[in-house]
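Report on the following structure.
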Amino acid sequence: MNQQGFIVEIVDDKTAKMRMQRHSACASCGKCAKLTSESQDLIVEVDNQIGAKVGDHVEVSMETVKVMKATMLAYILPLIFLVAGTAISFGVLNAISFKGPLEVISGLCGLLCTFLSYLYLRKNDKKYRDSRDYIPVVVRIV
């Protein structure tokens, strides 16, 4: 997946921030920060190994497989935790013949598991960021 935008900040010798238009496939994987609620522009951290400078119009690329992995981590993992937490707690409470608001407690357990999945993602954010696997790469200056 290729996108174009402008370098707005140099973070370090191999990382920059780029302003680009939000792409429908981009959604919000967590690597972007909206500029305003009305704007379709966003700021993305990019791998700047080619040395683009502030103001340069650049093209970035990110493999579709990596985009799908990032999407899975951000959206599918919490959903799996929600469903699994709800189903497992419902099954366990039902098996022990719990005499209370079974559905409510199961739902709360599902929400707790979802919260735990977000804590897991938050805790490992630095690892994902440092791996640079999920950061678009500047491929050329346009």
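The values are calculated or read from the model by the stated rules, or taken from the named source; none is laboratory data. A quick note: this is a predicted structure, and the numbers were derived from the prediction, not measured. We place every Cβ from the backbone using ideal geometry, glycine too, and count neighbours over all the protein chains shown.
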If I ask for residues that are at pLDDT below 90, assigned to a strand (DSSP E or B) and surrounded by 15 or more Cβ atoms within 10 Å (Cβ to Cβ), which ones from the stretch 16-29 would you list?
Met20
If Ser106 meets every condition in (1) out of contact with any helix residue (DSSP H, G or I) (no Cβ under 7 Å at 6 or more places or on another chain); (2) surrounded by 13 or more Cβ atoms within 10 Å (Cβ to Cβ); (3) among the small types (Gly, Ala, Ser) apart from one, which number is that one?
(1)
For the subset of the stretch 31-43 comprising residues that are at pLDDT below 70 and not in a strand (DSSP E or B), which member is surrounded by the most Cβ atoms within 10 Å (Cβ to Cβ)?
Lys31
Only one of Asp12, Asp56 is among the charged types (D, E, K, R), modelled with pLDDT of 85 or more and loosely packed, with under 14 Cβ neighbours inside 10 Å, namely Asp12
Only one of Val46, Val83 is touching a helix residue (DSSP H, G or I) at 6+ places or on another chain (Cβ under 8 Å), modelled with pLDDT of 80 or more and within 26 Å of Tyr120 (Cβ to Cβ), namely Val83
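For the stretch 92-107, what are the residues that are part of a loop (DSSP other than H, G, I, E, B) and among the hydroxyl-bearing types (Ser, Thr, Tyr)?
Matches in the stretch 92-107: Ser97 only.
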